[in-house]
Amino acid sequence: MKKLVILISGRGSNMEAIVQACLRERWPARVAAVIANRPDAAGLVFAASQGIPTAVIDHRQYPDRESFDAALAGEIDAFAPDLVVLAGFMRVLTAGFVDRYAGRMMNVHPSLLPSFPGLKTHQQALDAGVRVHGASVHFVTSQLDHGPIVLQSVVPVVTGDDAAALSARVLATEHQIYPRAVRWFVEGRLALDGLRVALTPPEPQWLFDDTCNKSNNVAGEGV
C-alpha cells in the first residue's frame, strides 16, 4: 500500500478532494500525514477529523529557506511516503529539497502550464485575453511551476469573467484532475520519459469543462 504525505498552507480543498477520493474509490494507498507551514491552516482541522496525523513546520520559525526545507524534509521522511503532494502549499522550495523527492512529488497549478506560472494566474489569463484557461498537475522540478505534466483541465473564459469567477471554475476542475493524477501514480501507471509523462494503459490526460459555455459545442472528455 502506497503512502501519501500532503502539504498545505490554507484550507486544503485539493487535499480534501484527494482524501475523499482515496476512501471512496478504495485506492491501494493511504494519506499518512498532512503537513502545513502555517499553524492556522484550516485544512489541518479536516485532516484531524479524518484521523490523519498532522504536523506544522512553521516557516516563520526558520531563518532561511534551506533550514526550513531541512526541517520539512525531516518531518516528511518520518512518514516514509511514496508520493509528496503539494496541495496549495505556498512556499518556494529549494533545489535540494526538490531533488530529494524527484519523480515522487506532484503539484497542481491553476493555469495551463507553461503559460502563467507564479501568482495571480487568473488575472494574468484575463489580462492576456486568452479564450481558455485551466489547471495542470505536474511533477515538481527545481524550475518554479514547471515540470512534466501529468494531466490538465481546460475551461472557457467567459465574457464578464473576473478573477474570482474564473478561479472558482478552475478550482472545480482541480478537484477532479488532482485525485485522478495521484491515483494513477498510486496504481503504478505513470512513467517519466524526459519531460513527458507516459500513462499505461493510455487514457485522456486532459479534461475539457464546458459546462458554462455549452453553446460553443466544445467537446468534453471525462476523466
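The values are calculated or read from the model by the stated rules, or taken from the named source; none is laboratory data. What you see is a predicted model; the values in this text were computed from it and never measured. Neighbour counts are summed over all protein chains in view; Cβ atoms, including those assigned to glycine, are modelled from backbone coordinates with ideal geometry.
A few remarks follow.
- Count of region 15-62 residues which are small (Gly, Ala, Ser) and touching a helix residue (DSSP H, G or I) at 6+ places or on another chain (Cβ under 9 Å): 8
- Counting residues in region 122-143 that are under 17 Å from residue 14 (Cβ atoms), modelled with pLDDT under 95 and out of contact with any Phe, Trp or Tyr (no Cβ under 6 Å at 6 or more places or on another chain) gives zero.
- For residue 117: the one exception among (1) closer than 28 Å to residue 29 by Cα; (2) within 16 Å of the chain's Cα centre (by Cα): (1)
- The lone exception for residue 186 - which of (1) of a type outside the set (Phe, Trp, Tyr); (2) in contact (Cβ under 8 Å) with a residue 60 or more places away in the chain; (3) buried (at least 23 other Cβ atoms within 10 Å of the Cβ); (4) closer than 20 Å to residue 100 by Cα it fails: (3)
- Scanning region 21-37 for residues that are over 18 Å from residue 188 (Cα atoms), under 18 Å from the mean Cα position of the chain (by Cα) and of a type outside the set (A, V, I, L, M, F, W, C) yields one hit, 37.
- Taking the criterion of being assigned to a helix (DSSP H, G or I), of a type in the set (Gly, Ala, Ser) and closer than 14 Å to residue 87 by Cα, the residues of region 1-24 that qualify are 13, 17.
- In region 88-144, the qualifying residues are those that are hydroxyl-bearing (Ser, Thr, Tyr) and free of Cβ contacts under 8 Å to residues at least 24 places away in the same chain, and the one that is farthest from residue 56 (Cα to Cα) is 115.
- Qualifying residue in region 148-167 (condition: modelled with pLDDT under 95 and in contact with a helix residue (DSSP H, G or I) (Cβ under 7 Å, 6 or more places away or on another chain)): no
- Annotation for region 73-87: at least one member residue is aliphatic (A, V, I, L, M), over 16 Å from residue 31 (Cβ atoms) and modelled with pLDDT of 95 or more.
- Which listed residue, of 74, 96, 103, 129, is within 16 Å of the chain's Cα centre (by Cα) and either more than 21 Å from residue 38 (Cβ to Cβ) or loosely packed, with under 14 Cβ neighbours inside 10 Å (or both): 103
- For region 132-170, filtering for residues that are buried (at least 18 other Cβ atoms within 10 Å of the Cβ) and among the aliphatic types (A, V, I, L, M) leaves 11.
- For residue 167, the requirement of being within 12 Å of the chain's Cα centre (by Cα) and among the hydroxyl-bearing types (Ser, Thr, Tyr) is not met.
- Per the conditions (1) under 16 Å from the mean Cα position of the chain (by Cα); (2) in a strand (DSSP E or B); (3) free of Cβ contacts under 8 Å to residues at least 24 places away in the same chain, the sole criterion not satisfied by residue 191 is (1).
- Any hit, region 28-38, residues being part of a loop (DSSP other than H, G, I, E, B) and surrounded by fewer than 18 Cβ atoms within 10 Å (Cβ to Cβ): yes
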